[in-house]
Amino acid sequence: MNLPGTFTLGPGDGSARTGRLTTAHGEIETPVFMPVGTQGTVKSLCPDDLRTIGARIILGNTYHLYLRPGDELVAKMGGLHRFMAWDGPILTDSGGFQVFSLSGLRRITEEGVTFSSHIDGSKHLFSPEKVISIERNLGSDIMMVLDECVPYGADRAYTEKSLGLTTRWATRCRAAHAPLDRGQLLFGIVQGGFFKDLRAESARQLIDLAFEGYALGGLSVGESRAEMYDILYDATPLLPADKPRYLMGVGAPRDLLAGMAAGIDMFDCVLPTRNARNGTLFTFQGKVNIKRAEYREDDSPLEADCPCYACRTFSKAYLRHLYVARELLSYRLNTLHNLTFFSRFMAQARQAIREGRFEAFRTAMEAAYPETDA
Ligand SMILES: CNc1nc2c(CCc3ccc(C(F)(F)F)cc3)c3[nH]c(N)nc(=O)c3cc2[nH]1
Ligand SMILES: [Zn+2]
């Protein structure tokens, strides 16, 4: 059994690569898509569902779980794995991003981020030390450092200043997390906005801190696809090749393909779960908007060769009915299918990389997901 943090590269195809990451709760085959489980649950699914759909690692959120039910309570309940009965790997984000997207009245100082809870308005401080303490209480297998996700459009001066703070915070996170005491891995997050030289500066500073993995942050924040890809292709090769590379907040099928082509190993995105709520379903032939009238009397399954419970059991007509009637079962079935698709998509991508036919796979998938559609 390898030590947590062991990352073994398998066959590659160009810059795309396969790998295997050992965590304290099992091994992950990469490239991997990680379902978002913000408040200790992947919405509408239970742990058995996650195993059935092939989820290997899920995301949890420091910001949300700290505010409710509280990281101390989760620790008292035996940690997040036991609390939510998920025995596979869990990655927790540091909460910095969520503070900026959710809470009001926030201030950044050298000490950390002060903010008011979006739940009850109470005041809080996230310092690097505090965030590490929360993630350790949650017992996550992969912890992200506290960083500032620079807003899209920030100028060079602001971006450069923020980059320095993010590195100082990363240094404090590294110091606060006794190395691998319980097999919990710590990933650094590269910032630098849309300035290639600042990205290189950020990567260089973080590599010196020898994290167990490296994330590209500050992307998928409202920029155009071209702007994201420009940074993605320039910055990814700067990250250590022998460590896992995580592209935060990405993405749609087209973006997963671009990320894998650039050498990214780990992805997360709310699309499969969030789009399940608005009836957008992902298939290997492209997106299906289940609410469309054309499915009203369509007795065929959503995707004939999909192994998910929704496709094996129900017709498009029924899935459409549930959606139109706003039935709870609609969300659950749509989520089961979408996450099954993302899991199968990544499995087929891994196989294509192993067999040296990734570009052909990418071309075929991009035909089903044209630029406009993502
Ligand atoms: C959507 N675009 C995006 N998401 C981004 C995220 C959040 C990723 C995340 C992690 C966990 C969850 C959980 F709810 F499931 F827990 C949900 C989302 C970022 N996170 C940090 N730390 N730095 C970044 O610079 C950054 C940039 C990001 N662009
Ligand atoms: Zn299905």
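Summary table below
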| item | result |
| --- | --- |
| Odd one out for T335 among (1) away from ligand 1 (no atom under 16 Å from the Cβ); (2) touching a Ser or Thr at 6+ places or on another chain (Cβ under 8 Å); (3) of a type in the set (V, I, T) | (1) |
| Single residue of S315, S330 found to be of a type in the set (S, T, Y) and farther than 19 Å from P35 by Cα | S315 |
| Qualifying residue in segment 174-182 (condition: under 27 Å from A252 (Cα atoms) and either assigned by TED's automatic domain parsing to the domain that holds D93 or not β-branched (V, I, T) (or both)) | no |
| Wholly enclosed strands (runs of 3 or more DSSP E) of segment 113-168 bearing at least 3 residues closer than 23 Å to M34 by Cβ | 142-144 |
| Residue match in segment 37-50 (condition: assigned by TED's automatic domain parsing to the domain that holds F126, within 20 Å of I132 (Cβ to Cβ) and buried (at least 23 other Cβ atoms within 10 Å of the Cβ)) | no |
| Strands (runs of 3 or more DSSP E) enclosed by segment 1-52 - at least 1 residues per element that are within 18 Å of R82 (Cα to Cα) | 16-23, 26-30 |
| Residue under evaluation L67, criteria (1) crowded, with 23+ Cβ neighbours inside 10 Å; (2) out of contact with any helix residue (DSSP H, G or I) (no Cβ under 9 Å at 6 or more places or on another chain), criterion not met | (1) |
| Per-region count, segment 283-311, residues acidic (D, E) and near ligand 2 (Cβ under 10 Å from one of its atoms) | 2 |
| Positions within segment 137-147 being closer than 18 Å to L247 by Cβ and within 10 Å of ligand 1 (Cβ to nearest atom), in sequence order | M144, V145, D147 |
| Q184 being over 26 Å from P11 (Cβ atoms) and either away from ligand 1 (no atom under 16 Å from the Cβ) or in contact (Cβ under 8 Å) with a residue 60 or more places away in the chain (or both) | yes |
| Which listed residue is more than 23 Å from V221 (Cβ to Cβ) and in contact (Cβ under 8 Å) with a residue 24 or more places away in the chain, from I132, I108, I142 | I132 |
| Subset of segment 86-105 (residues that are surrounded by fewer than 17 Cβ atoms within 10 Å (Cβ to Cβ) and within 14 Å of ligand 1 (Cβ to nearest atom)) | S101 |
| Residues (under 17 Å from the mean Cα position of the chain (by Cα) and not β-branched (V, I, T)) located in segment 314-348 | N338, L339, F341, F342, S343, R344, F345, M346, A347 |
| Scan of segment 240-282 for residues that are outside any helix (DSSP H, G or I) and either acidic (D, E) or surrounded by fewer than 19 Cβ atoms within 10 Å (Cβ to Cβ) (or both), ordered by number | P240, A241, D242, D265, D268, V270, N278, T280 |
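Results for (1) surrounded by fewer than 22 Cβ atoms within 10 Å (Cβ to Cβ); (2) at positive phi; (3) outside the structural domain of L50 (by TED's automatic domain parsing); (4) within 16 Å of ligand 2 (Cβ to nearest atom), shown as yes or no for each residue.
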| residue | (1), (2), (3), (4) |
| --- | --- |
| R320 | no, no, yes, yes |
| V324 | yes, no, yes, no |
| N334 | no, no, yes, yes |
| T340 | no, no, yes, yes |
| R344 | yes, no, yes, yes |
| Q348 | yes, no, yes, yes |
| R354 | yes, no, yes, no |
| E371 | yes, no, yes, no |
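The values are calculated or read from the model by the stated rules, or taken from the named source; none is laboratory data. Predicted model only: the values in this text are computed from it and were never measured. Note that each Cβ is placed from the backbone with ideal geometry, even for glycine, and that neighbours are counted across all protein chains shown.
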